[in-house]
There are 2 protein chains.
Amino acid sequence: MTTDKIRVLGENTIGYESSAEGAIKFRTFNSLLNEENPWTFCQATAHEIESAVKKAAEAFPIFSSLLGLRRAAFLETIALEMEKYKAEILEVYVAESALPLGRAEGELTRTLAQIRRFAKIAKVAQWTDPTIDINDKADIRKTNVPIGPVVVFGASNFPLAFSTAGGDTVSALAAGCPVIVKAHPMHSGTSTLVAQAIRMAAQKTNMPEGVFSHLLDGDNSVGEALVKHPEVYGVGFTGSFNGGKALSHIAQQRERPIPVFAEMGSVNPVVVLPGIIEENGAHWALTLAESVNLGAGQFCTNPGLILGVQSIAFKTFCNQLGKALSEQKPSCMLHPKIFEAYEKGSSAMEQMGTRIAVDKKDSDKAHFAAPNLVEVSGGDFIKNAALQQEVFGPFSMVVICDDVEELNAVITHLDGQLTGTILGNPDELDAYGSVITSLQSKVGRLIFNGVPTGVEVCGAMQHGGPYPATTDSRFTSVGDDAVKRWVRPVAFQNWPDSMLPESLKNDNPLCLLRRYNGEFTSQKI
Amino acid sequence: MTTDKIRVLGENTIGYESSAEGAIKFRTFNSLLNEENPWTFCQATAHEIESAVKKAAEAFPIFSSLLGLRRAAFLETIALEMEKYKAEILEVYVAESALPLGRAEGELTRTLAQIRRFAKIAKVAQWTDPTIDINDKADIRKTNVPIGPVVVFGASNFPLAFSTAGGDTVSALAAGCPVIVKAHPMHSGTSTLVAQAIRMAAQKTNMPEGVFSHLLDGDNSVGEALVKHPEVYGVGFTGSFNGGKALSHIAQQRERPIPVFAEMGSVNPVVVLPGIIEENGAHWALTLAESVNLGAGQFCTNPGLILGVQSIAFKTFCNQLGKALSEQKPSCMLHPKIFEAYEKGSSAMEQMGTRIAVDKKDSDKAHFAAPNLVEVSGGDFIKNAALQQEVFGPFSMVVICDDVEELNAVITHLDGQLTGTILGNPDELDAYGSVITSLQSKVGRLIFNGVPTGVEVCGAMQHGGPYPATTDSRFTSVGDDAVKRWVRPVAFQNWPDSMLPESLKNDNPLCLLRRYNGEFTSQKI
């Protein structure tokens, strides 16, 4: 049944059906108003989980064999449906996240652009990476195929872009994998609205019923059951280290282990070289302060670690950064629990280092996070692993190293990170070659004279990094290559042309660039 | 010191040094002569393991930043050195494997071709997959970089092609990863000779010392210590399910988990459709029998499972297959332990099914494996998981299904496999669409009217498949894409051109095909 009404219903979406069998109910919270939201959500039962997976498994052979054009039409219709219900989605988004309307609008715009980008990726299908070798011994042709139904977990800090119709979901749909979304409990209302838009799009474009389901829960049990299910083939997750590690562990303990792509956060080291701060310290202090405080610091690419070698100029820079942070406007955090964790984490860091004066203005408003900046020595940083822990929020730590050698030691000591940034004059980079090499070995993305926040959705983006930033540094969760997480190669040897996947047929009906006997060509064979 | 003498010394190779510190000694066995070989090998100590890893870690930043041309020269010199000592290598190979000289020569030829293929891959470096997006917001460029030192385990059944200078090692070296080989205990002599060739090549081409080390052990302890070592970043393994699973488990339990690419075997189902056997049954029975018995059946792509729907023609085909297997010449297995496991596994299968008459000729010779063929019903196969276990050797099992529905159920019930084969007339394939779809979901390579043995080294090869055939179905251990196991992408944002990796520089010095703002081009920027 297609309906043009959309409202927060609190039900699970299982294929084309709504379902609310369970007895466990929960609500979301308006952190800004400091009160519960009015909607009641019904946690999915074991039976509902089983139905969703069964429908996904049944949909897989049909959905995966559709032409990319058909999947593209589905994705484009998701964007259209979301646009149609934009006002409702934004209203619930703001009530559930305490983020400002401007941010909600920006994130929706980005999410829609991302959906349309993956519609194009589904259509063009260059990710199939077709490779053909024909010689007198054999005719072997390889193409990527989708892995099977996957589970996507909504992320607390991106109710749209990294949640229900976010990058994980749409990259998996583009590849041909049915998706079961486990909504984030903090924004289940936003998630159900988007889920309804996806369901309507699936019906309008005649997708097999199980191509998408949406399950609710207030704790972790539904997610765990999904990751354990034998008919699930992959998992996308953005969240805490403990959450990602637990899911990854469950997935590895299965009789048939499955990949978990967990993006688990990062402190995103920024290395400040001496030349640039002598010339332009105030500018970079302000730029960094804005990046630290952006969205109440609730970004996985938040610059949480500032590294430099001790000097008068660096000390001045740190003070400028402290002052610039004082002048930043505090804002409300996503949820009381996230605010509490920030306060606790931020205070713990103050105990372990020296607080650089930052006014705690507006911190009397409930759940408003005041920026904080703490200073430690390179020696202490290396000795105390607790100093590497991410404080989710507008927090940053300055690590003052005695010399370049200690700076190198600090970087070598770092855990894997999503990003690493160098602030420096181009002419001083050569002198810091080993610093840059060390930093590269720790990160997925290197930034020069910029800030790590702001993750561009494009072909060249790498949003992922060595463990524990993610569980698998070989893949990205943002940008075109995100689709590669949901596929695996299959080779066809001496296979009849009529039975080959489109990407491998002699006449190259998808007009793909293919490796043919070692050369790239889009010619027919 | 470069030397032109080469002989089995029984020492570990640690960078450019030989080392034999340990007290634990072991020997290899000549299965054909039923006696120990004359050489004594010295198991690596904890200190030697530490030295090898330390040298590899020190070599990594140097080796990984060399131009691909330099790494190519190293690989090409390995091939030259191995050719120079061909006679010695082949003699020890035969003594340690009981495989005929012709097979040894063939495997050496293949191994040398593979080394030279990866030399070209190192030089061309298209695997860096360079991707560039430049717009008014940012300049983002992504390229693959090597992950770090890796450990490669020699495989029992391919003393050259899947061992010391085999596909795992040379693909990792091509990518820029130093390699520590843990020699297979059954052919440690062959392995030390090849290791000496690699060491000489490294010295002649001025590679950093730790680029290659070679450690010996008679059990599993050295391998386990290597996989646990914090400075190891990846593992390549070809061997048993239990071995691969154990290593994978160790790698996951580390503080920083690392990828283990384990190829753990397969029964390689062959689905026989009715049309083809009515027309050409005797031909395919002989072809399959030869494939089952090739190399005493000691191939991971050995066709160990023949599936068909009951009919007089299929019964006749099974008898023809039994007769053809009787006429195959038994040959000596690699090692008494492997022979014993074959006898035990083969007998256990006979207890669970019905033996199809195969003469057990020549089985009086020690360690000579007589081919065996056992028949079970589709119903029994589904009920008894033990029937899916691989019997390593010239064994195959016929599964006779009541109807196409049961055939489909059997395939759905299968574990992940390296290969799946369809023997059929082209005009009968349409009627078996669901069988083919099911089979595809279980395998890494599909073969039409051929046999799965014979794994072509080319761009389109996929040697890998869903768990438990391998630990990671997204990668191949044979063919050009094997290099992708040892790399991860790094994005450079607004990075100065002079500091970018060669693959990303504006003037495209490596002349690579690059994705630039969504289009493939080899133009400069």
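Only residues that are open to solvent by 10 Å² or more (accessible area, probe 1.4 Å), among the hydroxyl-bearing types (Ser, Thr, Tyr) and out of contact with any Ser or Thr (no Cβ under 7 Å at 6 or more places or on another chain) were counted in region A:76-121, giving 2.
Residues checked against (1) among the charged types (D, E, K, R); (2) out of contact with any strand residue (DSSP E or B) (no Cβ under 9 Å at 6 or more places or on another chain); (3) closer than 22 Å to residue A:381 by Cα:
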site: A:308; (1), (2), (3): no, no, yes
site: A:317; (1), (2), (3): no, no, yes
site: A:323; (1), (2), (3): yes, yes, no
site: A:329; (1), (2), (3): yes, yes, no
site: A:334; (1), (2), (3): no, yes, no
site: A:339; (1), (2), (3): no, no, no
site: A:343; (1), (2), (3): yes, no, yes
site: A:346; (1), (2), (3): no, no, yes
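Going by the structure shown, is residue B:462 closer than 30 Å to residue B:248 by Cβ, within 10 Å of chain A (Cβ to nearest Cβ) and touching an Asp or Glu at 6+ places or on another chain (Cβ under 9 Å)? So residue B:462 passes the test.
Within region B:220-239, count every residue that is assigned to a loop (DSSP other than H, G, I, E, B) and free of Cβ contacts under 8 Å to residues at least 40 places away in the same chain.
Going through region B:220-239 one residue at a time, the tally reaches 2.
From the list B:295, B:281, B:265, B:304, the one residue that fits, being open to solvent by 20 Å² or more (accessible area, probe 1.4 Å) and touching a residue at least 12 places away in the same chain (Cβ under 8 Å), is B:295. How about region A:437-489: which of its residues are closer than 21 Å to residue A:294 by Cα, over 15 Å from the mean Cα position of the chain (by Cα) and of a type outside the set (Val, Ile, Thr)? Residues satisfying the conditions are A:446, A:448, A:449, A:450. From the set of residues in region B:448-459 that are of a type in the set (A, V, I, L, M, F, W, C) and more than 8 Å from chain A (Cβ to nearest Cβ), which is farthest from residue B:107 (Cα to Cα)? By that ranking, first place goes to B:451.
Out of the residues in region A:353-389 that are part of a loop (DSSP other than H, G, I, E, B) and open to solvent by 70 Å² or more (accessible area, probe 1.4 Å), state the one that is nearest to residue A:99 (Cα to Cα). If we take residues in region A:353-389 being part of a loop (DSSP other than H, G, I, E, B) and open to solvent by 70 Å² or more (accessible area, probe 1.4 Å), then A:365 is nearest to residue A:99 (Cα to Cα). Determine if region B:427-435 includes at least one residue that is closer than 17 Å to residue A:140 by Cβ and more than 7 Å from every other protein chain (Cβ to nearest Cβ). Looking for residues that are closer than 17 Å to residue A:140 by Cβ and more than 7 Å from every other protein chain (Cβ to nearest Cβ), one finds none in region B:427-435, hence no. Of all residues in region A:29-86, those that are in a helix (DSSP H, G or I), aliphatic (A, V, I, L, M) and over 14 Å from residue A:119 (Cβ atoms) total 8.
If the condition is being within 9 Å of chain A (Cβ to nearest Cβ) and either of a type in the set (Ser, Thr, Tyr) or open to solvent by less than 20 Å² (accessible area, probe 1.4 Å) (or both), then region B:416-426 contributes B:416, B:419, B:421, B:422.
In region A:139-167, the qualifying residues are those that are within 14 Å of chain B (Cβ to nearest Cβ), aliphatic (A, V, I, L, M) and outside any loop (DSSP other than H, G, I, E, B), and the one that is farthest from the chain's Cα centre (by Cα) is A:140.
Might you let me know whether region B:375-389 holds any residue that is in contact with a Lys or Arg (Cβ under 7 Å, 6 or more places away or on another chain), within 27 Å of residue A:230 (Cβ to Cβ) and of a type in the set (S, T, N, Q)? Before you say what the answer is, go through the steps one by one.
Let us first name the residues in region B:375-389 that are in contact with a Lys or Arg (Cβ under 7 Å, 6 or more places away or on another chain), namely none.
Scanning region B:375-389, I find no residue that is in contact with a Lys or Arg (Cβ under 7 Å, 6 or more places away or on another chain), within 27 Å of residue A:230 (Cβ to Cβ) and of a type in the set (S, T, N, Q), so the answer is no.
Answer yes if at least one residue in region A:443-455 is surrounded by 22 or more Cβ atoms within 10 Å (Cβ to Cβ), among the hydroxyl-bearing types (Ser, Thr, Tyr) and either over 30 Å from residue B:446 (Cα atoms) or modelled with pLDDT under 95 (or both), and no otherwise. No, that holds for no residue. Apart from one condition, residue A:323 fits all of (1) touching a Pro at 6+ places or on another chain (Cβ under 8 Å); (2) assigned to a helix (DSSP H, G or I); (3) more than 16 Å from residue A:391 (Cβ to Cβ); the exception is (1).
Of note, residue B:472 does not satisfy the criterion of being within 12 Å of chain A (Cβ to nearest Cβ), open to solvent by 10 Å² or more (accessible area, probe 1.4 Å), of a type outside the set (S, T, N, Q) and without any contact (Cβ under 8 Å) to a residue 24 or more places away in the chain. Exactly one residue out of B:281, B:297 is closer than 24 Å to residue B:418 by Cβ and not hydrophobic (A, V, I, L, M, F, W, C), and it is B:297.
For region A:414-431, the set of residues classified as assigned to a strand (DSSP E or B) and not hydrophobic (A, V, I, L, M, F, W, C) consists of A:417, A:419, A:420, A:421, listed by residue number. Against the numbered list (1) open to solvent by less than 30 Å² (accessible area, probe 1.4 Å); (2) free of Cβ contacts under 8 Å to residues at least 40 places away in the same chain; (3) of a type outside the set (A, V, I, L, M), residue B:430 comes up short only at (1). Contact map, region A:488-499: residues that are more than 7 Å from every other protein chain (Cβ to nearest Cβ) paired with residues that are surrounded by 15 or more Cβ atoms within 10 Å (Cβ to Cβ) and of a type in the set (Lys, Arg), Cβ distance under 6 Å, separation 6+ or inter-chain. Pairs shown: A:497/A:505. Within region A:396-415, the set of residues being within 30 Å of the chain's Cα centre (by Cα) and open to solvent by less than 10 Å² (accessible area, probe 1.4 Å) comprises A:396, A:397, A:398, A:399, A:407, A:410, A:411, A:414.
Going through (1) out of contact with any Lys or Arg (no Cβ under 8 Å at 6 or more places or on another chain); (2) charged (D, E, K, R); (3) without any contact (Cβ under 8 Å) to a residue 24 or more places away in the chain; (4) more than 10 Å from chain B (Cβ to nearest Cβ) one by one, residue A:502 falls short only on (3).
The values are calculated or read from the model by the stated rules, or taken from the named source; none is laboratory data. Computed from a predicted structure; not experimentally measured. Cβ sites come from the backbone with ideal geometry, for glycine too, and all protein chains shown count toward neighbours. Heads up: the accessible areas ignore ligands, DNA and RNA and are worked out on the full protein's heavy atoms, side chains in. Shrake-Rupley method; radii C 1.70, N 1.55, O 1.52, S 1.80 Å.
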